[in-house]
Structures are given as C-alpha cells and as structure tokens.
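Structure, as structure tokens:
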Amino acid sequence: MNYGPLLFLGILFTLASSWVGLVLMPNRQLGTLTPHVNATTSAIYPAARAGEAQQGAETYRSLGCIYCHSQQVRPEGFGGDIARGWGKRRTVSRDYLFDKPVQLGTSRTGPDLTNFGERNGAVDWNLKHLYNPQITSPGSIMPAYPFLFEKRRIGKNGASTNALALIAPFAPEAGYEIVPKMEALQLVEYLRSLKTSVDLPEASIKKTEGDAAAPDASATNAPTGAPAPAPAK
Amino acid sequence: MSVPALKALFPGDVQDTAGRRAQLAEIDASCRWPVLYFFLSGLGWLLLGTLLALVTSMKLHLPDFLAESSWLTFGRVRPAHLNTVIYGFASQSAIGVCIWLMCRLCRVPLMAAGIILAANVFWNLGLTVGVVGILVGDSTAIEWLEMPAYATPILFFSYALIAVWAIITFRLRREKQLYVSQWYLLAALLWFPWLYSTAQIMLLIQPVRGVVQAAVNWWFAHNVLGLWFTPIGLAAIYYFIPKVIGRPIRSYYLSVLGFWSLALFYNWNGLHHLVGGPLPAWMITISVVASVMMLIPVIAVAINHHYTMWGHFHKLRYSPTLRFIVVGAMCYTLTSLQGVASALRSVSEVTHFTHHTIAHAHLGMYGFFTMVMFGSIYYIFPRITLREWPSQSLISAHFWACLLGLVLYVVPLSYAGVLQGLAMNTAEIPFLKVVAGTLPFLQLRTLAGLILAAGHVAFFANIVWMLCRVLGPYQQPVRMILTGTQQTAVAGK
C-alpha cells in the first residue's frame, strides 16, 4: 500500500462516515425536539430550570458529582433501575432538552439521581448529607463537602436559623455553628428539581393504583414541598 | 517473496551498509532534542498523574481524606488525573514516538526543530491551564473533555503545528515504500484534529441540544482511544517487534486487513457507552454492531503480532523494549475482546456504570498503550542521546512493578465490577450494601496503584541518571540491554 493519496482519502472517508452517522444525524433528528405540551392541562414538559436550581446545576458540574452519579433510567426489565425506584419510566431524549451540559454519567458509585427530587426533597436531610454523608448514611463513600458550609462563632443573638442541627461527633465545638453557604443551598435546590415522572407519548408511566393522578402536577421541575404560590394580594 | 516486498514488510534492512548506518545516526541525532522535550515533559505529567491517581483511589475508600479542600475533592481530582495522564503523559509520549518513527520511516532528518519545540511549549502551557482550571472548578464535566474552553485552543494550536510538521515530513520522505506503521501514524495524525475540533465546537463553543451532547461526547471519547492512541500504539508494535527480533511481520495482507477494518469500524463504536440510555435505539444498535465487528481488526492484528513473536519469546529476557511491547500487544488483544464483550447488551446490563469499566479502561490505556510507550522509550532514548541505560536493575524493577500492579489492578476490579453490577440489578440489596461489597477491591486498587507508582519512580530514576550522563562526556555506542543479543537489529533501518 504505497499510494499516498489513496491512503489519505481512505483515512478521511472512514471518519467522515461516522461523523455524519453519529454526530450530524443525531443532531438532525434530535436537535429540533421540542417540549411536550399536555393536551388537557397544557402543562409544558420539560421546563428550563429556574435561577437557584440552575445555579446549583453549575455547582454539580464544578464539583464533579457526575463521576459517581448517573442521571438516566434504563428501561423496565433492563437492569434494576426501575425496580430500585430510580424512576417510574425510562428516560428519553426529551427529558434532557434544557440540560447544559447533559450529565448522563457513566458511573453509579452512588445511586442514580434522575428523580432524586421525587424521592427525597427534604432540604435539611440534603444539607446534612452534603456536609458529611456519614451523618445521614453511615458507611457511605461519598465525599463530605465541608467547604460548602461556613463554620461561624455563634453571635449574641443566638444560633442562626439556618444553622445545621448537628449532634456529636459531627457538631462543631461549643460556641460555633455550621451554616450552609449559597452554593450548598443552590445545589440542594438543583437536587430537588430532579424529576422526570411525566407521561410522555414516547415513554409512558405504567399507572399503578394509588398514584394514578401523580404526574403532571409536578411537571415543572419545581421542588417538591416548595411553598404553593401565594394567593394574589 | 521479492526483495522490495520483504523490505516493505520489515523496517530493518536486508542489506546493511555503512551509508545506511550513517544516515540513521544522522536522523537519530536530529531527533534528539525535539523528542526529548516530549518524552521528558510527558514523564513529568506521568508522575503528577500518578500522584493524582493515588489520591483519587484513596478517596474512594477513605472519603474523609483531603475532604477539606474544594480543589482536591473527588470530582475534581479524578478528571485532573485523567487529563494529566491522557493529554500529558500518553499524548506527549505518543507524539515523541510519532516524530521519531516518522523521521526514521521516511528516512529524513528532523526538520524545523523550532516548530516542535514551540508545539511542546504550547502543549504544556495549554495543559497546565486546563488542569488548574479543572481543580479550581471550571471543569466542563464532559468526560475526556473536562479542560475548560479557555485552555483547549492552546492545545489545538500546538497539535496543529505537529500535524503540519508531520505531513510535510511525510511528503518529503526519501523512502517511497510505506511501512504499515506509517499508515497508522498518518491516520492518527489526521483523525485527531477532526475529532477534537468537532467535540470542542459542538460541546463547548456552540453546544448542541440535549442528548446530542452525549452522542458527540462518546463519539469523541471512544475515538480518542481508537483513532489516536490505538493507531500510534499499533504503529509502535508493528515497528518494534520485527525490529528487535530481526524477523519480518508475519503477513502483509493481515496488516492491510487490520488497518482498514479498524478504520471502518472503530469510529462507529462510541455510543455503546450509552446502552439503555436516552437515545434513539438505532444509534446505540449501530455502535453495538460496530463494536462486534471490531473482532476483525483485533484478530487480524493479534495473529500478526503474536505469530511474529512465536518462537522468539526467549528474546524477551534480553530486551526491555520487547518485554514491554509484547505485554502491550497482549493487553491490546485482551482489552479489545473485553471491550467487544462489554458492548453487548446483556453484558452491559451488568457491567455498565460499575468499576468494571474503569478496569477495562486501564487495561487499554495502561496495559496496552502505556506499556508500548515505555517499551518505545527504552529503545529510542539511548539512540537519540547516545547513552546507555545506567541501570538494568531499575529497568527490571520498572517492568515487574508495572506488570504486577497492572494485574492487581485489572483482574480484581473487573471482577468487582461484575459483582457490583449484579448486586445493583438486584433491587432488594440496599445500595449501601452494594457499596460495602466494593470496598475491599477499592482498597486493593490503591495497593496496585502504589506498586505502579513505585515502577514509575524506578523509571524516573533511571532517566534522571541517564540525563546526568547526557550532560557528561560521550561514552560508548548504544548496545546490549536495549535490544538484547542481536546486533543486527541495532543497525536496521
């Protein structure tokens, strides 16, 4: 094989094929996908994340949570994802329309977080868990994120309202308190926003009695337990 | 077989003339500093990357270790490790080997050393900016592309210099016969910029929407392995095995088949990383099929390499180059077969998302690629510096530490991944139980990492020692422990 130009063309052509097939074609097929509008409630899914949660997504990216947590639910019967309660249905392309970057993940050193907001939206639990996972989940190998919190001397007016309620051995020495920084709160808002249990034409939720009416109400990526919008004054 | 055909198969020359030797010496001398820049800075990154690897590994079983600092949190140290070893060590030693092989096979002395020096400076600069960027929190969290968008153009510029240099060298070649290594080198040099620029543009500069990002991500990440490291590693194996044992490659036709089938199938493999994921089934199915088709190039190359070696295994005792390269070639076969298997849906169902993938990646990047680079460096370094390796015991220590560390890393962790996957697929097993099951293996991995680190230190010591000699007086021509008993091969092409 001594014909330089042939070699050159072959090299270019082979890569061009998958460049078209795996890059351009997916972009053509999926690049124009739009959110789903529910015919009866006209709820739109997915919706872009609101400020706090979006900021939290940046912290999630920056701290590399993706190296231990996936955000994708494999189909029923393929792996234990649905059986473990990580989702009510498989995830599909539409679920990720507004994610930047999309953090599907390739590792499950920790549990999948696609629907974490539906599982455990408790702010307090999540803050403690981030401060030190051993508090909530003894034996976990998730790292502690103490730098998302501030250790402060308790002021004259007593402990801050947002200080973590910690007991030994996790509590700081007497006279000090642990207060979440902005990033910690935003990160928790992001975790609470992780929800995909919305019926879609391409991926429907098998309705079991009991939660038949669940989905669309929580379709907005809004955190569970968020205060209901205040009535007009 | 006709003489020209034989020549094409075998980089070592049939008749050995004084003129040839002089030409070779001239080429090696011209490569001296440019290749050294890349080898030495690569080695520096290897040491840093090894340190980061140890920290990463320890954090997985000692989660409190260095937890106070955001710079050193797991999710930053891990990508910092990946980027230093991939773009710092592996790519730089690949470029060093590539430059030297190009000059030798094209039979031209290295021209425009200034371009190579500039490329080296920019590469290291871009990488430093990128790795610090990851540690301060600007990681993109896109696997294999974590370096932030303000660092990568510097790397790309550096890369462009090298590719242009290599293509000009190729055009000016004095040897018109192309050897199989050159096909691979040329392909790698052309594929990489395409991959890298596409990924940068579609993920960082003008990000595509939604899961298309994942498709581009894995198209890139898998192809960096398959179309950048693999071809350069195979080029080195195709060059050094025949060279050191003094026998041509088994079959020209198999090497043609191996090359073109790799070119055709590998680049379609990437989306097998998304089996079960939220992309249309056709995309993933194509990648699974292409992954299985990889059996063709893998088996063709395996037959070619291993048959060439057949009956010459005793030479492993004398040549460190051969030892490292042959282990690398074996790991290539193994990791490829493991890769084909894990692309299958039924296997992926278990091993995807587990430590199995990490073990597999190390069998490929370490067992295959890094070992081949070590072997190549053992051959090239003495020739461009005209100094002998100072210590045989350090070479042995390096080799055995690598081999032991590798086995201790890959075998238990591959197994642990399967256990972890089976446990995770059993919903009744609480998650923390699954975690607890992996712990002993994660601890063992740290031990394996320490052994590998010891090997790297031995390698480093030998190189520093040698450099002291480079600065000292000229000693004697390179011989013996590089290539073993054969003197013929020393003088080859």
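Of all residues in region A:1-39, exactly one satisfies the criterion of being assigned to a helix (DSSP H, G or I) and touching a residue at least 60 places away in the same chain (Cβ under 8 Å), namely A:LEU30. Looking across region B:140-153 at every residue that is of a type in the set (A, V, I, L, M) and either closer than 16 Å to B:ILE86 by Cβ or buried (at least 21 other Cβ atoms within 10 Å of the Cβ) (or both), the one that is nearest to the chain's Cα centre (by Cα) is identified as B:LEU145.
The criterion of being of a type outside the set (D, E, K, R), surrounded by fewer than 24 Cβ atoms within 10 Å (Cβ to Cβ), more than 10 Å from chain A (Cβ to nearest Cβ) and closer than 27 Å to A:ARG94 by Cα holds for B:ILE201. Scanning region A:1-21 for residues that are among the small types (Gly, Ala, Ser) and either more than 7 Å from chain B (Cβ to nearest Cβ) or under 20 Å from B:SER197 (Cβ atoms) (or both) returns A:GLY4, A:ALA16, A:SER17, A:SER18, A:GLY21. Is it true that B:TYR415 is open to solvent by 10 Å² or more (accessible area, probe 1.4 Å), of a type in the set (Phe, Trp, Tyr) and modelled with pLDDT of 95 or more? When the stated conditions are applied, B:TYR415 passes them. Identification of helices (runs of 4 or more DSSP H) wholly contained in region A:85-180 with 3 or more residues that are under 30 Å from B:LEU203 (Cβ atoms) yields A:116-119. Taking the criterion of being more than 7 Å from every other protein chain (Cβ to nearest Cβ) and either open to solvent by 30 Å² or more (accessible area, probe 1.4 Å) or closer than 30 Å to B:LEU178 by Cβ (or both), the residues of region A:22-42 that qualify are A:LEU24, A:MET25, A:ARG28, A:THR32, A:THR34, A:PRO35, A:HIS36, A:VAL37, A:ALA39, A:THR40, A:THR41, A:SER42. If the condition is being surrounded by 22 or more Cβ atoms within 10 Å (Cβ to Cβ) and more than 11 Å from chain A (Cβ to nearest Cβ), then region B:238-260 contributes B:TYR238, B:TYR239, B:PHE240, B:ILE241, B:PRO242, B:LYS243, B:VAL244, B:ILE245, B:ILE249, B:GLY258. Would you confirm whether any residue within region B:455-469 is crowded, with 20+ Cβ neighbours inside 10 Å, within 16 Å of B:ILE358 (Cβ to Cβ), in contact with a helix residue (DSSP H, G or I) (Cβ under 7 Å, 6 or more places away or on another chain) and at pLDDT 95 or above? Checked against the condition, which is being crowded, with 20+ Cβ neighbours inside 10 Å, within 16 Å of B:ILE358 (Cβ to Cβ), in contact with a helix residue (DSSP H, G or I) (Cβ under 7 Å, 6 or more places away or on another chain) and at pLDDT 95 or above, region B:455-469 yields no hits at all. Scanning region B:102-119 for residues that are farther than 13 Å from B:LEU24 by Cβ and either open to solvent by less than 10 Å² (accessible area, probe 1.4 Å) or touching a Phe, Trp or Tyr at 6+ places or on another chain (Cβ under 7 Å) (or both) yields a count of 7. Would you mind stating whether B:PHE122 is part of a helix (DSSP H, G or I) and either within 29 Å of A:GLU183 (Cα to Cα) or open to solvent by 40 Å² or more (accessible area, probe 1.4 Å) (or both)? Criteria met by B:PHE122. Taking region A:90-105 as the search range and keeping residues that are basic (Lys, Arg) and out of contact with any Leu (no Cβ under 8 Å at 6 or more places or on another chain), which one is least open to solvent (accessible area, probe 1.4 Å)? Per the criteria, the residue is A:ARG90. Looking only at residues that are within 14 Å of chain A (Cβ to nearest Cβ), among the aliphatic types (A, V, I, L, M) and open to solvent by 10 Å² or more (accessible area, probe 1.4 Å) in region B:350-379, which one is nearest to B:ILE86 (Cα to Cα)? Looking at residues that are within 14 Å of chain A (Cβ to nearest Cβ), among the aliphatic types (A, V, I, L, M) and open to solvent by 10 Å² or more (accessible area, probe 1.4 Å), I get B:ALA361.
Scanning region B:58-73 for residues that are open to solvent by less than 30 Å² (accessible area, probe 1.4 Å) and assigned to a helix (DSSP H, G or I) gives B:LYS59, B:LEU60. Starting from residues that are open to solvent by 20 Å² or more (accessible area, probe 1.4 Å) and more than 8 Å from chain B (Cβ to nearest Cβ), keep the ones in region A:60-76 and report whichever is nearest to B:ALA141 (Cα to Cα). The extreme case among them is A:HIS69. Of the residues making up region B:74-90, just one is in contact (Cβ under 8 Å) with a residue 40 or more places away in the chain, open to solvent by 10 Å² or more (accessible area, probe 1.4 Å), within 11 Å of chain A (Cβ to nearest Cβ) and hydrophobic (A, V, I, L, M, F, W, C), namely B:LEU82. Scanning region B:261-282 for residues that are facing another protein chain (nearest Cβ under 7 Å), assigned to a helix (DSSP H, G or I) and surrounded by fewer than 22 Cβ atoms within 10 Å (Cβ to Cβ) yields a count of 1.
Counting just the residues of region B:293-325 that are of a type in the set (Ser, Thr, Tyr) and in a helix (DSSP H, G or I), which one comes out nearest to the chain's Cα centre (by Cα)? Residue satisfying both the conditions and the ranking: B:THR321. All conditions but one from (1) open to solvent by 30 Å² or more (accessible area, probe 1.4 Å); (2) part of a helix (DSSP H, G or I) apply to B:GLY133; the one that does not is (1). Quick check on A:TYR145: is it on the phi < 0 side of the Ramachandran plot, under 23 Å from the mean Cα position of the chain (by Cα), open to solvent by 30 Å² or more (accessible area, probe 1.4 Å) and of a type in the set (Phe, Trp, Tyr)? No: the conditions fail for A:TYR145.
The values are calculated or read from the model by the stated rules, or taken from the named source; none is laboratory data. Computed from a predicted model, the values in this text were never measured in an experiment. Note that each Cβ is placed from the backbone with ideal geometry, even for glycine, and that neighbours are counted across all protein chains shown. We work out accessible area using only protein heavy atoms, side chains counted, and drop any ligands, DNA or RNA first. Shrake-Rupley method; radii C 1.70, N 1.55, O 1.52, S 1.80 Å.
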